1. Return the total of residues in region 151-173 being exposed (fewer than 11 other Cβ atoms within 10 Å of the Cβ), assigned to a loop (DSSP other than H, G, I, E, B) and more than 15 Å from the ligand (Cβ to nearest atom).
2. Might you check whether a residue that is closer than 15 Å to VAL11 by Cα, touching a strand residue (DSSP E or B) at 6+ places or on another chain (Cβ under 9 Å), assigned to a loop (DSSP other than H, G, I, E, B) and modelled with pLDDT of 90 or more occurs anywhere in region 210-220?
3. For region 12-32, which residues satisfy the criterion of being aliphatic (A, V, I, L, M) and buried (at least 22 other Cβ atoms within 10 Å of the Cβ)?
4. Does LEU74 fit the bill of being buried (at least 18 other Cβ atoms within 10 Å of the Cβ) and modelled with pLDDT under 95?
5. What residue, among those in region 100-150 that are crowded, with 21+ Cβ neighbours inside 10 Å and among the β-branched types (Val, Ile, Thr), is farthest from the ligand (Cβ to nearest atom)?
Amino acid sequence: MNDIERLQGLVDSSKNIVFFGGAGVSTESGIPDFRSKDGLYHQKYAYPPEQILSHDFFMTHRAEFFAFYRDRVLALDAQPNAAHRKLAELEWAGKLKAVITQNIDGLHQAAGSKNVIELHGSVHRNRCLKCGKRFDARFIADSPGVPACPCGGAVKPEVVLYEESLDAPVIERAIESLAVADLLIIGGTSLAVYPAAGLVDAFRGSHLVVINRTPLGSQQADLFIQGSIGEVLSKIHTIEKY
Ligand code: ZN
């Protein structure tokens, strides 16, 4: 039995699958991983991405923050890939109960997923810091310079910046989903980023599958498939064979 057949067997015998996805899920839709080391950042920007995408930088260098954010973070033309589509299909079929993601691009919802737990927030939610008025991502993309609310307040994307803590109710939902899952599929991440990495400890089910392009190191998995998350998941059949 090969790895795909083993994964198919686990999917077929599970009723409460949770998928935990990292940056690799989005990079297959052409979205750059802003956490990865990329020489271009250092040629074009005066600061490293971790500094630009930090709370302190947002408060003190707002024009530079939004220049980088529009250029490197917002990717409104990106489309869901085979991984997003298969996960939506698995949820529709009643197999998959939640997608927990470290990505902020909304592509799981664009593919049709309903229960998406966004650990780092979403570019699609933006709010005025003064009056609370909400704005979509297109407003941020189309605003020249620093996006401003009609009330004069600054508009902040509801994405978790460096130095900011994750939203407690969101973590709670993730832990609750993991605690009752029977199969956990981790894809497109090495799980190196804490605290997301620690969330996996909440999983009590019997099978842990990891799909990633790079080897795992010490992470214990029942099944590790090295490869593209989209390619691997597209080989899985949602409806069990009769
Ligand atoms: Zn306002």
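1. 1
2. The first filter runs over region 210-220 and keeps only residues closer than 15 Å to VAL11 by Cα, leaving 210-211.
Pick out the ones that are also touching a strand residue (DSSP E or B) at 6+ places or on another chain (Cβ under 9 Å) and you get 210-211.
In the following step, the residues that additionally are assigned to a loop (DSSP other than H, G, I, E, B) were identified as none.
Looking for residues that are closer than 15 Å to VAL11 by Cα, touching a strand residue (DSSP E or B) at 6+ places or on another chain (Cβ under 9 Å), assigned to a loop (DSSP other than H, G, I, E, B) and modelled with pLDDT of 90 or more, one finds none in region 210-220, hence no.
3. ILE17, VAL18, VAL25, listed by residue number.
4. Yes.
5. The residue in question is ILE100.
The values are calculated or read from the model by the stated rules, or taken from the named source; none is laboratory data. Predicted, not measured: the structure shown is a model, and the values here were computed from it. Here the Cβ is made from the backbone with ideal geometry for all residues, glycine too, and neighbour counts use every protein chain on show.
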